[in-house]
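Each reported figure results from applying straightforward, stated rules to the coordinates on display, with no laboratory input. These figures come from a predicted structure and were not determined experimentally. For neighbour counting, all protein chains shown are included, and Cβ atoms are generated from backbone atoms with ideal geometry for every residue, glycine included.
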Amino acid sequence: MKGTRRITFFVALAIFAQESAWNFYDNQVPVLLREQVASAGLVGLLMGMDNLLGIFVQPWIGNRSDNTRTRWGRRIPYLAVGMPLAAVIFVFLPWATSLAALVAVMFVYALLANTTRPLTESMVPDFIAPERRSRANAIVKIATSLTIIMASLISLLVVDEHPRGAFVIPSVILLLTTVVLIARVRDNQSPAYQAALAEEETAAEAKVPFRQVLIELIRDPDRRRLLLLLSVLLFGGAWFASRALITPYGMEALGLSRGDAGGLSLPSGVAYLLAAYPAALCAERFGRLRTMGAGMAIFAAALAAGTVVQTAAGTVVVFCVAAIGAAAFTINAVVALWNLAPSSRVLGTYTGLYAVTWYLGGFGGPALIGVVVDLTGWTGMLLDVAVLATLAVLVVVRLGRLQRRAALAPANS
């Protein structure tokens, strides 16, 4: 238990450092871009570059680290190099004097940031037993959510007087965290690393190429992992659509000002934080898939109810309830995928696959719901999102049936 808490603390600390920089990046780099270009569309396109890179980089680096063997382990060597480099590059962002220079620095930072995030998350299944992974992931998600507050505080208290110096603060946090990780964590001692070494002694190949992981995933007659990834894609689309379109919904459907509409989702962030750890406990008691399905059903039902009660106060309540439901899914989905991975040798690759699927949902969901809104109007937007979430619920129901069959198979054979 003590070892579990210890590694959970270090992983949460690393994620906090990485996401503090990334959230501050999202807050302030658009301002730097606006100094160079007038087009809001171009600013949005360039700000989406990090997510586009993540689709390619995260599964690749996850697989590469899975196949790395050093006396420090398979994740820490990359973090020991990538996090300090990201910290140094981050400081140069406000010093770029031309659009070309700024885009170049943004590209390098996004590349480095996308290599470190999945490796840090992969240390959860490396060190922690399957039955405890939801609790650890809940702590990591809470740390991630807190970085929004950290980035906002830096922007509020420092940026106006020290617009360039403010970028130093996240960089220092990254550097100090790297020192702590190097000094205190060796993932060559993790149970998953040791299990991977043991598997390699009898395996036909020492390494598991990414292409082989994908082929095995697609061709495997057991469709549970594909169904789980499909649920992540669908619910990711619903979640990101609800967040990305809430401001125009508040303005168009509720008649709010831009500022008031933008604040509709703020209380739901607090609700998510409060629900994160209980969502992990529910998964341990009632089952991970059952908790995920119930959470998505709560999310869908809450948004459907929001279509009926279209007031500002009602929408705030609806989003708080929906966030509680969303926590039940987001805390447990990647854990379910880790636990379905065929080997300890591919845990990092599966972390990357989860991230890619989630962000693809984040890319497609808002676009899909936006098209539906164009056809039917803003008043039904929450119901549109609820329908998408309901599709994810149906996928998880099907997945649950396959899971029960798999559990009964040894007994029937």
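What whole-number volume per residue, in cubic angstrom, does the convex hull of the C-alpha atoms of region 275-364 give?
Values: hull volume 9.2 nm³, N = 90.
So the per-residue Cα hull volume is 103 Å³.
As a test of the formula, what do you get for the chain when each DSSP H run with n ≥ 4 contributes -39,500 (n - 2.57) and the sum is divided by the residue count, at 222 nm and rounded to the nearest 500 deg cm²/dmol?
On the way: 18 runs with 330 residues, N = 413.
Value at 222 nm, helices only: -27000 deg cm²/dmol.
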If I model region 209-263 as equal point scatterers sitting on the Cα atoms and use the Debye formula, what is log10 I(q)/I(0) at q = 0.15, 0.26, 0.29 Å⁻¹? -0.59, -0.94, -1.00
Around Leu337, under 11 Å between beta carbons, what's the net of Lys plus Arg minus Asp minus Glu among the other residues? +4
Please state the shape class of region 192-319: rounded when a/c is under 1.5, otherwise prolate if a/b exceeds b/c and oblate if not, all from the C-alpha gyration tensor. prolate
Once the convex hull of the C-alpha atoms of region 6-63 is built, how many Å³ does it hold per residue, rounded to a whole number? 82 Å³
Cleavage-rule hits (GluC sites (Glu not before Pro)) in region 158-237: DSSP loop, at most 15 neighbouring Cβ within 10 angstrom: Glu161, Glu205
Over the Cα atoms of the chain the radius of gyration and the largest Cα-Cα distance (Dmax), both in Å, equal 21.4, 71
What is the Cα centroid distance between region 350-403 and region 126-149, reported in whole angstrom? 23 Å
Calculate one ³J(HN,Hα) per residue across region 135-145 by plugging θ = phi - 60° into the Karplus curve 6.51 cos²θ - 1.76 cosθ + 1.60, and present them in order as whole Hz with x for glycine and proline. 4, 5, 5, 4, 5, 5, 5, 5, 4, 4, 5
When the Karplus curve 6.51 cos²θ - 1.76 cosθ + 1.60 is applied with θ = phi - 60°, which whole-Hz ³J(HN,Hα) does each residue of region 59-75 get, with x for Gly and Pro? x, 5, 5, x, 5, 4, 5, 4, 9, 8, 10, 9, 6, 8, x, 10, 9
Other-chain or far-sequence residues with amide H under 5 Å of Leu256's (modelled H): Met251
By its C-alpha gyration tensor, with a ≥ b ≥ c as the square roots of the eigenvalues, how is region 1-105 shaped: rounded for a/c under 1.5, else prolate for a/b larger than b/c, else oblate? prolate
Test of understanding: in a Gaussian network model of the chain with alpha carbons linked when under 10 Å, which of Pro118, Pro59, Pro163 would top the mean-square fluctuation ranking? Pro163
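Is region 310-413 rounded, prolate or oblate when judged by the Cα gyration tensor, a ≥ b ≥ c being the square roots of its eigenvalues, rounded requiring a/c under 1.5 and prolate requiring a/b larger than b/c? Intermediate values should be presented prior to the final figure.
On the way: a/c = 2.33, a/b = 1.95, b/c = 1.20.
Note, shape of region 310-413 comes out prolate.
Of the peptides 308-319, 187-198, how do they stack up when ordered by the mean number of other Cβ atoms within 10 Å, highest first? Could you put the intermediate results ahead of the total?
Values: 308-319: 16.3, 187-198: 17.9.
Those peptides, ordered most packed to least, come out 187-198, 308-319.
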Once each part is reduced to its C-alpha centroid, what is the distance from region 36-91 to region 278-312 in angstrom? 32 Å
